[in-house]
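Worksheet: one structure, shown below.
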Amino acid sequence: MKKKLVTVLLCGAMAVTALAGCGGSKSSSSSSAASSGTAKKASGGKVYYLNFKPEADEQWQALAKEYTKETGTEVKVVTAASGTYEQQLTSEMAKKDAPTLFQVNGPVGLASWKDYCDDMSQSELYKHMKDGTDSFVLKDGDKVDGIAYVIETYGIIYNKTLLDKYCKLDGAKISKPEDINSFAKLKEVADDIQARKDELGVKGAFTSAGMDSSSDWRFKTHLANLPIYYEYQKEGETDTDAIKGEYLDNFKQIWDLYLTDSTCKPSEIAAKTGDDANSEFNNGEAVFYQNGTWAYSDIQKAGKLKDDELGMLPIYIGVDGEENQGLCTGSENYWCVNSQASDADKQATYDFLNWVITSDQGRDALANKMGFVTPFDTFTGKYETSNPLVKIANQYVADGKTPVSWNFTTMPSEEWKNQLGSAMTAYADGSGKWDGVVKAFVDNWKTEKAATAQ
């Protein structure tokens, strides 16, 4: 089942570095674009943004307040709790005052909401996209259904201070963090850290692999991307109706590593949260933490780790040639304007979005406070993110490493993810076997793909 939609694949993943040096846009230059950041006065419409990112709620609330102060336009921001966005979007869209601005996670998410997506092709937002960023647009022919507003990267974040301390221990398996360039080496180091955790002063090599809804997406979605990516690479595919699961043995061994070399027992992960993992990392209780560039805002808030103490490794799963693998880069955050909203509300929403990407307040919030890399030509100079994790991602590309594309945008459904997450949790706590994970991955893929095609 191929869709006529632009997906975030390898060429898009390469853009995280290309964006930093891209010139030109679909309209004016970035300097003239930035000068257009004056907010438009209220035209009678209002804005309701259903925000996907809990970690950015504070910044969005501040932007809404500032825009209303400048223009008189009412801007309401509601932030869905982690792991509940699709459920809340469904609920809110059924109301009279539905969101005028929402987001989908890619082609699969768009399929559920396509009838609610206004054509953004004539918007200032689209015109301000840099040349070469079409892979961050959801299109159907000439219609633009969604535009990515942040390009993100994830991998295994590590505490440099702790890992350097480990490297100095007698008998350490590596002499420097850069020596970790494969699953075999990652496992050797993590196993040794776990065995010597008291000597190093940590509770585990990895933070807890929480399968609470605030955290499970890191594994049932982001970690599960790796076996999908490698199968697509082998088969020359960008999507499939029937995943084969050719790399599920590799998936098992990285999941096993997260479970055994952890701050908690495998039987405890069902109740562990994203906050738990964040706290463990920031408090120096674990060396490794699977997460992405978006985690930087929480690290900043904690105020315990300096920028130069942060490193990031690719997620190695034991595939031939993985020493040339980079970080996982792409987007699942596409803005969509509700086509069912009134003309006045739609215009108010477009005006607000244009202000966000052209005003000093908006650009500062996205680039410096949220730490986002965006595909828009207005983010130059002091509005290029200082997020150290983004700089690490850029360096991997500069070093010739191949970024891993975000193929989880092709996962069949939320139900597929949920079933996979349940099977992974059951395997971890001993109530299920690995065969259950394989069945959830392979059999449910085919079933859910067929269901969404109807």
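The values are calculated or read from the model by the stated rules, or taken from the named source; none is laboratory data. Nothing here was measured: the structure is a model prediction, and the numbers come from that model. When we count neighbours, we look across all protein chains shown, and the Cβ atoms used for this are built from the backbone with ideal geometry, even at glycine. Only protein heavy atoms, including side chains, enter the accessible area calculation; ligands, DNA and RNA are left aside. Shrake-Rupley method; radii C 1.70, N 1.55, O 1.52, S 1.80 Å.
Can you tell me the relative contact order of the chain? Whole percent, Cα pairs under 8 Å, sequence separation 6 or more.
28 percent
How would the stretch 308-386 be classified by its alpha-carbon gyration tensor: rounded, prolate or oblate, with rounded meaning a/c under 1.5 and the a/b versus b/c comparison settling the rest?
It comes out oblate by the Cα gyration axes.
What order, most packed first, do the peptides 392-402, 96-106 have when packing is the mean number of other Cβ atoms within 10 Å of each residue? Please list the in-between numbers first.
Working: 392-402: 16.7, 96-106: 21.1.
Highest-to-lowest ranking by the protection proxy: 96-106, 392-402.
Measure off, as a whole percent, the carbon and sulfur share of the 1.4 Å-probe accessible area of the stretch 80-186, all protein chains present.
Roughly 45 percent, rounded to a whole number.
Taking Rh as the Kirkwood radius computed over C-alpha pairs, what is the Stokes-Einstein D of the chain at 4 °C in a medium of viscosity 1.567 mPa s, expressed in µm² per second?
57 µm²/s
For the stretch 235-328, what % of the accessible area comes from carbon and sulfur atoms, probe 1.4 Å?
Using a 1.4 Å probe with all protein chains present, the stretch 235-328 comes out at 41 percent carbon and sulfur.
What list of ³J(HN,Hα) couplings, whole Hz, do you get for the stretch 312-322 from phi and the Karplus terms 6.51, -1.76, 1.60, once you set θ to phi - 60° and write x for glycine and proline?
Ordered by residue, 3J(HN,Hα) equals 8, 10, x, 8, 8, 10, x, 9, 4, x, 5 Hz.
Taking amide H atoms as placed 1.01 Å from N in the peptide plane, list the residues 5 or more away in sequence, or in a different chain, whose amide H sits under 5 Å from that of ASP140.
The answer is ASP145.
First select every other residue whose beta carbon is under 15 angstrom from the beta carbon of ASP364; then total the charges, Lys and Arg +1, Asp and Glu -1.
Every neighbour counted, the sum reads -1.
With a/c under 1.5 counting as rounded, go ahead and sort the stretch 220-350 into rounded, prolate or oblate using the C-alpha gyration tensor (a ≥ b ≥ c being the square roots of the eigenvalues; past the cut-off, prolate if a/b is larger than b/c, else oblate).
oblate
Send over a whole-number figure in Å² for the accessible area per residue of the chain, probe 1.4 Å.
On the way: 17560 Å² over 454 residues.
With all protein chains present, the chain gives 39 Å² per residue.
Between the alpha-carbon centers of the stretch 377-454 and the stretch 172-217, tell me the distance in whole angstrom.
Centre-to-centre (Cα) distance: 21 Å.
Using a Förster distance of 25 Å, how high is the FRET efficiency between GLN253 and GLU199, based on the Cβ-Cβ distance and rounded to 0.05?
My answer for the efficiency is 0.45.
Among the listed pairs LYS65/LYS96; LYS272/LYS369; LYS160/LYS391, which are separated by more than 19 Å between their Cα atoms?
LYS65/LYS96; LYS272/LYS369
What's the magnitude of the charge dipole for the chain around its Cα centre, counting Lys and Arg as +1 and Asp and Glu as -1 at the beta-carbon? Answer in Debye, nearest 20.
My answer is approximately 560 debye.
Using the Cα gyration tensor of the stretch 302-454, with a ≥ b ≥ c the square roots of its eigenvalues, what is the shape: rounded (a/c below 1.5), prolate (a/b larger than b/c) or oblate (neither)?
Values: a/c = 2.29, a/b = 1.28, b/c = 1.79.
Oblate, since a/c reaches 1.5 and b/c is not below a/b.
Rounded to the nearest 500, what is the chain's calculated 222 nm mean residue ellipticity when only DSSP H runs of at least 4 contribute -39500 (n - 2.57) each, over all residues?
Dividing the helical sum by the residues of the chain leaves -11500 deg cm²/dmol.
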